[in-house]
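Comments concern the structure below.
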Amino acid sequence: MKGFFKIFFATLLALLVFCVIGFFLFFGFVASLTTTEKPRIGRNGVLVLDLSKHFKEQAQDNPVNALVNGVENDIPSLYDMVRLLNHAKSDSAIKGLYILCGSNANGLAASEELRKAVLDFKSGRKFVIAYGEAISQGGYYVGNVADKIYCHPQGGVDWSGYAVDLLFLKGTLDKLEIQPEIFYAGKFKSATEPFRETKMTEPNRVQTTAWLGNLYEHFLEAAAATRHMDTSVLRSLAVKGSIQTAHDALANNLVDGLKYDDEVKDELISRLKLRRDDRINFVNINDYSRSGSWRKFSGDRIAVVYANGDIVSGSGDNEQVGSDAFRILLRKLRQDDDIKAIVFRVNSPGGSSLASDVIWREIALTRKEKPVVVSMGDVAASGGYYISCGADSVFADANTITGSIGVFSMLVNVQSFFKNKLGMTFDGVKTAPYADMGTSSRPLTEPERRFLQAAVDSIYFTFKSRVATGRKKDPAYIDSIAQGRVWTGSHGLGLGLVDRIGTLQDAVECAARMARAKDYRVREYPEKKNFLEQLMNNYKKSVGEQTLAKEIGADQLLLIKQIKQVKQMAAGEPQARMPFMLQSH
């Protein structure tokens, strides 16, 4: 027995020592990953803008990337990128900008902000070169502002125009004998069309043709301005399918040359006045973000609050706009005398109408205490517009998708599916006729359908009233431009849904003027969590999504997310949500 205890305590001591050593080694490793040591940029730097990277609305440090993939930090946010390019314009260490424009992972409005930032960078009399082996339309939209844009001799430029493809599930549901119970307000509110139609309704076709055509006009106008060509000529190239090869792109003045990677590097060396065998000092945007003093730490505080993702009740997660979390945050900022104004950056397709109203209320209360300016990102529609309409001023990019002022709710009756396909039936008892209203095991009764449609109509009336009050418009006029119709930012300006076409930085400057803050600094919210909180919150999501994306591909992962969204739509809760997810290519 004495020998047993000797072995037991020796083993226990060894285990404790191992745990202590492991603890210090782990946090030493973490400290090395999160070091604040600034990288050296050196001389003759060429800043690299890789458009294949997605610049999120708000940067979130992801320690899981560092631990699992060896990636030191997430890439800068979209607003960080704009400010970095502005800082680089006057930074003597940076001589030029190199844009990798083969693909573009950013939305149309985000690309618009990047494009304007690159144009501003050029005003500092520094060179800009863009290159892509095969250049997408999204990549071209930003890349064509360069002094020279090149593509690979065997590559090309996509010049096919814009298209929208919608998936309709009604035929599938009919075959499975699944009956959707759909209630909506607004003849253009097409979010439920895939479940009740086999093709686009005429109102949806009209609105989609209008907003898609407007986005394409912006693309052509931007290309025409930089290539010194007429938009009708550029449109004709797409209509006729004239651009099939890289040589077609060159012959029609869409690019400045066909070059291999080494030839582009030779031109950069020439512009930098280096010797042929000298190494180009390419500056990674992550390193540049951590190296300079581009952030201000003095002056009055302007809060930038990012409302990014689906609007949901409760706290939500990092990619959702949780009504509880934003109610608490906006109340805190309203009561903070150091915060002089708030810029509410909205990039949301909407979601829960109830959660949207909770956030709308906080914006309305905050506006009484200090200026509130909305800046719309890629999408600020339906519930995203609901939470925006009460601000003092609303900014949008020309390519922003907005409007979609409408409401719907949806339930699914699977009684026939289970009975006829699986042989399963349901039965039960209830204490009142409507106690089980909303169950998926039976169809709704006519009184229940009237109840649900009345609820949708009531919420739609409230939504329009919020917009009419916030935009200081007649309710009848708001009804005429509502009806669930989707608009672009430039259309929204003409209709009075937005006040100005401008970037997030434009909105920040407007908020500072309204607060009479001549010298100001930006503070971003929601604030970043500490390391351990990020590690715990990000691990499951990051590892899960990365594994899925690696195994099934990014497009299939997006499809899974859309299926998850459909599940939320069919829960019966009234929704102020966009009818689709817009992707840029």
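The values are calculated or read from the model by the stated rules, or taken from the named source; none is laboratory data. Since we're looking at a predicted model, the values are computed, not measured. Positions of Cβ are generated from backbone atoms using ideal geometry, with glycine treated the same way; all protein chains shown enter the neighbour counts.
What tally of residues in segment 246-287 results from selecting those that are assigned to a helix (DSSP H, G or I) and not hydrophobic (A, V, I, L, M, F, W, C)?
Taking segment 246-287 first, the residues assigned to a helix (DSSP H, G or I) are 246-251, 261-271, 285-287.
Retained after the next criterion (residues that are not hydrophobic (A, V, I, L, M, F, W, C)): 247-248, 261-263, 265-267, 270-271, 286-287.
The qualifying residues number 12.
Can you work out which of the residues in segment 249-289 that are of a type in the set (Gly, Ala, Ser) and either under 16 Å from VAL157 (Cβ atoms) or touching a strand residue (DSSP E or B) at 6+ places or on another chain (Cβ under 6 Å) (or both) is surrounded by the fewest Cβ atoms within 10 Å (Cβ to Cβ)? Explain how you work it out, then say what you get.
Keep residues of segment 249-289 that are of a type in the set (Gly, Ala, Ser), which gives 249, 251, 257, 270, 289.
Right, trim to either under 16 Å from VAL157 (Cβ atoms) or touching a strand residue (DSSP E or B) at 6+ places or on another chain (Cβ under 6 Å) (or both) and you get 249, 251, 257.
Values: ALA249: 24, ALA251: 12, GLY257: 15.
The selected residue is ALA251.
Only one residue in SER289, SER242, SER298, SER293 is at pLDDT 90 or above and polar (S, T, N, Q), so which one is that?
On the way: SER289 fails: at pLDDT 90 or above; SER298 fails: at pLDDT 90 or above; SER293 fails: at pLDDT 90 or above.
From the options SER289, SER242, SER298, SER293, the qualifying one is SER242.
Restricting to segment 280-313, name every residue that is farther than 30 Å from ALA380 by Cα and charged (D, E, K, R).
If the condition is that a residue be farther than 30 Å from ALA380 by Cα and charged (D, E, K, R), then ASP287, ARG290 are the ones that fit.
Read through the list (1) farther than 18 Å from TYR79 by Cβ; (2) touching a strand residue (DSSP E or B) at 6+ places or on another chain (Cβ under 8 Å); (3) touching a residue at least 40 places away in the same chain (Cβ under 8 Å), then give the number of the only condition that VAL343 fails.
(1)
Answer yes or no as to whether TYR385 is outside any helix (DSSP H, G or I), hydroxyl-bearing (Ser, Thr, Tyr) and either modelled with pLDDT of 95 or more or crowded, with 20+ Cβ neighbours inside 10 Å (or both). Spell out the reasoning first.
On the way: outside any helix (DSSP H, G or I): no; hydroxyl-bearing (Ser, Thr, Tyr): yes; either modelled with pLDDT of 95 or more or crowded, with 20+ Cβ neighbours inside 10 Å (or both): yes.
Answer is no for this residue.
So, in segment 328-356, exactly how many residues are assigned to a helix (DSSP H, G or I) and small (Gly, Ala, Ser)?
From segment 328-356, those assigned to a helix (DSSP H, G or I) are 328-335, 353-356; that's our starting set.
Retained after the next criterion (residues that are small (Gly, Ala, Ser)): 353, 355-356.
Qualifying residue count for the region: 3.
Given the condition surrounded by fewer than 14 Cβ atoms within 10 Å (Cβ to Cβ) and farther than 25 Å from GLU193 by Cβ, answer yes or no: does some residue in segment 446-459 qualify?
yes
Regarding GLY309, is this residue within 24 Å of GLY107 (Cα to Cα), surrounded by 17 or more Cβ atoms within 10 Å (Cβ to Cβ) and without any contact (Cβ under 8 Å) to a residue 24 or more places away in the chain? Outline the logic, then answer.
On the way: within 24 Å of GLY107 (Cα to Cα): yes; surrounded by 17 or more Cβ atoms within 10 Å (Cβ to Cβ): yes; without any contact (Cβ under 8 Å) to a residue 24 or more places away in the chain: no.
Judged against the criteria, GLY309 is not a match.
Quick one: which of ASP248, ASP324 is assigned by TED's automatic domain parsing to the domain that holds ALA515 and at pLDDT 95 or above?
Working: ASP248 fails: assigned by TED's automatic domain parsing to the domain that holds ALA515.
The match here is ASP324.
Counting only residues that are among the aliphatic types (A, V, I, L, M) and surrounded by 10 or more Cβ atoms within 10 Å (Cβ to Cβ), how many does segment 425-436 have? Steps first, please.
To start, the set of residues in segment 425-436 that are among the aliphatic types (A, V, I, L, M) comprises 429, 432, 435.
Imposing the further condition that a residue be surrounded by 10 or more Cβ atoms within 10 Å (Cβ to Cβ) reduces the set to 435.
Of the residues in that region, 1 qualify.
May I ask you to list the residues in segment 163-197 that are surrounded by 16 or more Cβ atoms within 10 Å (Cβ to Cβ) and in contact with a Leu (Cβ under 7 Å, 6 or more places away or on another chain)?
Across segment 163-197, the qualifying residues are PRO180, GLU181, PHE183, PRO194, PHE195.
Here are LEU493, LEU422: which of them is of a type in the set (A, V, I, L, M) and crowded, with 18+ Cβ neighbours inside 10 Å?
Numbers: LEU422 fails: crowded, with 18+ Cβ neighbours inside 10 Å.
None of the others qualify; the one that does is LEU493.
Restricting to segment 313-327, and then to whatever is outside any loop (DSSP other than H, G, I, E, B) and touching a residue at least 60 places away in the same chain (Cβ under 8 Å), can you tell me which residue is farthest from the chain's Cα centre (by Cα)?
Within segment 313-327, the first condition is being outside any loop (DSSP other than H, G, I, E, B), and the residues that meet it are 320-327.
From what's left, touching a residue at least 60 places away in the same chain (Cβ under 8 Å): 321, 325.
Working: VAL321: 12, ALA325: 19 Å.
Ranking the candidates gives ALA325 first.
Pairs needed: first member in segment 116-140, farther than 24 Å from ARG83 by Cβ and not assigned by TED's automatic domain parsing to the domain that holds ALA396; second member anywhere, at pLDDT below 95 and outside any strand (DSSP E or B); C-beta distance under 9 Å; at least 6 residues apart or different chains.
From residues that are farther than 24 Å from ARG83 by Cβ and not assigned by TED's automatic domain parsing to the domain that holds ALA396, the pairs are SER136/SER584; SER136/HIS585; GLN137/SER584; GLN137/HIS585.
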